[in-house]
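The values are calculated or read from the model by the stated rules, or taken from the named source; none is laboratory data. Not measured: the values here are computed from a predicted model. Every residue, glycine among them, receives a Cβ derived from its backbone with ideal geometry; neighbour counts consider all protein chains shown.
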Amino acid sequence: MNYLSHYYIYQDNKPNPLYTLGLVFPDLSRGFVSAAGKKDLPLHPHLDPLVLGCRKHYEADKIFHACSFFEEGSHLCVEVLKKARFETEVPRRWFIGHILFELLLDRILVRHQPQVCIDFYNDLNALNLADLKEFIDLHAHKDQERFLKFFEHFCKAAYIRNYPDNNLFAFSLSRIILKAGLPPLSLTDKIVLQECVWELEETRFKESQGVLFELKEVFK
C-alpha cells in the first residue's frame, strides 16, 4: 500500500506522531536506514510507538499483498496498461500497474475522506525531530542529514494532497517510475497514462466508497 492507505487502515484514535511515522517509515526511509527493512525491530523506551507503527506497516503489507482485493485490482490496472497505446516502449507494466493500484487508493482517500490526509500530515508535522534522530542513531543508516532533509521536504511538499489533480497525480507516478530505474515517460505517454487512470476510475474505481469499504474488509 501507499503512505496514506497505511495510515487509513491502522491510524490511532488520538494524534500520535511517532506511531504515524512508524506506519510509513519502512517505505519512507528505504535506502537511508537499513533497520527499516527489519520486521523484528526491538522496542526502545519512549520510542515504542514508532516501532509499533513499523510492525503494523509490515503486517499490513503481508495481509494486503496476499489478498484477492490486491490481486484483482492490480491485475486490472496491468491489463489496462498493457493495451494502452504508449508512444514509446514502456517496460515492466506489471510493476507500474501494481504501483498505480496503490496510488489510486490514496487518490480516493484524498478525494472522499480528505480529513484522513489532513490528520496524516498534521501528525508528521507535529513530530519531535529529536526523537526521529535518536531512532535513526540506534540503527545502521547511510546519511542521517540527507534523510532528515528528505523527510522535511516530504512533510512540507505534502504532495499526496495533490493526488486529485490529474497532472500532479501523473507526475507523482512518473517520478516513482524513474526511481525504479525505468526510462522517463514522454509528455505524450503521460497523457496516455492519465487516460488509463480515467478508464479505471470509470470502471473498477467508480464506486469510491465501495472500494474503501473493500479495503477495510481486507484487514478485519
So which residues in segment 74-94 are touching a residue at least 60 places away in the same chain (Cβ under 8 Å), surrounded by 13 or more Cβ atoms within 10 Å (Cβ to Cβ) and over 15 Å from Leu173 (Cβ atoms), if there are any at all? Leu76, Glu87
Gly181 meets each of (1) in a loop (DSSP other than H, G, I, E, B); (2) within 20 Å of Leu109 (Cβ to Cβ) with one exception, condition (2)
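Per-residue answers, yes or no, for (1) assigned to a helix (DSSP H, G or I); (2) of a type in the set (S, T, N, Q); (3) at pLDDT 95 or above:
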position: Ser5; (1), (2), (3): yes, yes, yes
position: Tyr8; (1), (2), (3): yes, no, yes
position: Lys14; (1), (2), (3): no, no, no
position: Pro26; (1), (2), (3): yes, no, no
position: Gly31; (1), (2), (3): no, no, no
position: Leu41; (1), (2), (3): no, no, no
position: Pro49; (1), (2), (3): yes, no, no
position: Arg55; (1), (2), (3): yes, no, no
position: Glu59; (1), (2), (3): yes, no, no
Hey, among Val192, Val211, Val197, which residue is closer than 21 Å to Gly97 by Cβ and at pLDDT 95 or above? Val211
Over segment 184-197, the set of residues surrounded by 15 or more Cβ atoms within 10 Å (Cβ to Cβ) and not in a helix (DSSP H, G or I) is Leu185
Which pairs turn up if I take residues in segment 145-174 that are in contact (Cβ under 8 Å) with a residue 60 or more places away in the chain and under 20 Å from Gln113 (Cα atoms) and look for partners that are surrounded by fewer than 18 Cβ atoms within 10 Å (Cβ to Cβ) and basic (Lys, Arg) with beta carbon separation below 8 Å, at least 6 apart in sequence or on another chain? Tyr163/Arg111
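Please determine whether any residue of segment 140-149 is assigned to a helix (DSSP H, G or I), in contact with a His (Cβ under 8 Å, 6 or more places away or on another chain) and farther than 25 Å from Ile63 by Cα.
Here is the first cut: in segment 140-149, the ones assigned to a helix (DSSP H, G or I) are 144-149.
Filter once more, keeping what is in contact with a His (Cβ under 8 Å, 6 or more places away or on another chain): 147.
Filter once more, keeping what is farther than 25 Å from Ile63 by Cα: 147.
Among the residues of segment 140-149, at least one is assigned to a helix (DSSP H, G or I), in contact with a His (Cβ under 8 Å, 6 or more places away or on another chain) and farther than 25 Å from Ile63 by Cα, which makes the answer yes.
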